[in-house]
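The values are calculated or read from the model by the stated rules, or taken from the named source; none is laboratory data. Values in this document were obtained by computation on a predicted structure and should not be read as measured data. When we count neighbours, we look across all protein chains shown, and the Cβ atoms used for this are built from the backbone with ideal geometry, even at glycine.
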Amino acid sequence: MKRMFEPVVFGRAKLHWDYRLKNTDHYQGFYHWHQCCEMLYVHEGSGRVAVDGVTFQIRPGMLFFFRPHQLHQVMAEVSRDQPYSRTIFFFDPHLVDDLLRPFPKHYSLFKALWHGNKKAMAFDLSSRGEEIERNYDQYQWLRSQGMGEDPEEIAMLILRNLECVLRSSKAPALQAQRAEESKTAEYAQQAMKWIDDHYRDSIHLDDLAAALHLSKFYLSKLFHEETGSTLKAYITAVRMRHACRLLETTAKPVEWIGSEVGIPNSSYFVQVFKQEVGTTPLKYRTGAGIARLPAGLKKIE
């Protein structure tokens with residue numbers, strides 16, 4: 001089973017770039033999160049993206065922004081006649097924060113996206129599709145010439161995306177709306193909401209099932225059908241992403257962080273963290289762990 005934490009390995013790179021990835025056969029997404037920001041632009045395809053219990057439609061011209069530690073799932077409907085083509089890039093928000101400070105309007109939008117102050121994390125930019133395609137083609141060419149890591153070029157890539165969001169007539173009106181969901185999706189989202197509210201506690205599946213008025217066996221089956229993962233894996237993922245956030249933003253000891261995310265046994269917390277994140281909590285805090293992870297662990301949406 002895939003881990004819900006999908007670390008993006010930058011090595012010495014400032015930006016991780018996947019240009020026009022294409023699927024023409026079966027594509028099954030699953031809930032996951034990264035330690036960095038992600039922008040996903042759809043060139044071709046249909047399906048849906050689920051984030052924070054809200055579903056957005058996948059269609060050409062959609063741009064999605066995912067914050068660090070934000071669980072999301074991409075579910076594309078793929079066939080040879082209906083491929084799923086997208087460009088994805090990942091970046092450290094602290095680096096981009098410094099690059100965008102001279103541009104007040106764009107910087108304000110970026111900060112709102114990064115810190116979750118903007119409800120809509122999906123934007124219909126189809127009216128500016130040609131502009132975005134030129135932007136990505138140009139940056140791809142720069143990378144082929146060895147200039148893609150120039151901070152100024154990275155800043156221009158992101159600024160042009162933000163400019164399209166600011167100028168698009170559709171983007172400001174696009175609000176997060178719940179699509180009509182099946183009962184399976186509804187129960188899965190209720191379960192995730194309950195876990196998000198109780199991850200600090202000692203969680204028993206019997207308590208979760210009782211809260212949703214289902215048997216734990218039936219709930220487990222529904223959750224797996226909708227997310228491709230188990231309830232136990234989701235609980236662990238929620239705890240680990242909160243642990244990563246605390247390691248990044250506080251100087252609290254590892255024992256305190258383990259207890260804060262619902263794993264009071266410190267040795268067991270370190271064991272689970274290393275299994276799920278790929279490094280120890282202390283190495284993650286120093287930044288050494290992510291940089292040294294095998295390249296095969298990078299996430300491709």
**Request:** Return the total of residues in region 20-40 being over 15 Å from residue 83 (Cβ atoms) and in a strand (DSSP E or B).
**Result:** 6
**Item:** For residue 80: the one exception among (1) surrounded by fewer than 14 Cβ atoms within 10 Å (Cβ to Cβ); (2) closer than 27 Å to residue 151 by Cα
**Value:** (2)
**Complete:** Counted residues in region 127-149 being surrounded by fewer than 14 Cβ atoms within 10 Å (Cβ to Cβ) and part of a loop (DSSP other than H, G, I, E, B) come to 3
**Prompt:** Pairs, please: C-beta under 6 Å, at least 6 apart or cross-chain, first residue in contact (Cβ under 8 Å) with a residue 12 or more places away in the chain and at negative phi and in region 11-24, second among the basic types (Lys, Arg) and surrounded by fewer than 16 Cβ atoms within 10 Å (Cβ to Cβ)?
**Reply:** 24/80
**Message:** Checking residue 8 against (1) aliphatic (A, V, I, L, M); (2) part of a strand (DSSP E or B); (3) outside the structural domain of residue 123 (by TED's automatic domain parsing): exactly one of these is not met. Which one?
**Reply:** (2)
**Fill in**
Of the listed residues (269, 223), the one being at pLDDT 95 or above and more than 20 Å from residue 38 (Cα to Cα) is 269
**Asked** What pairs can you find where one residue is in region 256-284 and buried (at least 19 other Cβ atoms within 10 Å of the Cβ), the other is among the small types (Gly, Ala, Ser) and not in a helix (DSSP H, G or I), and their Cβ atoms are less than 8 Å apart, with a gap of 6+ or different chains?
**Response** 262/202
**Complete:** Considering residues that are in a helix (DSSP H, G or I) and surrounded by 13 or more Cβ atoms within 10 Å (Cβ to Cβ), the number found within region 197-209 is 5
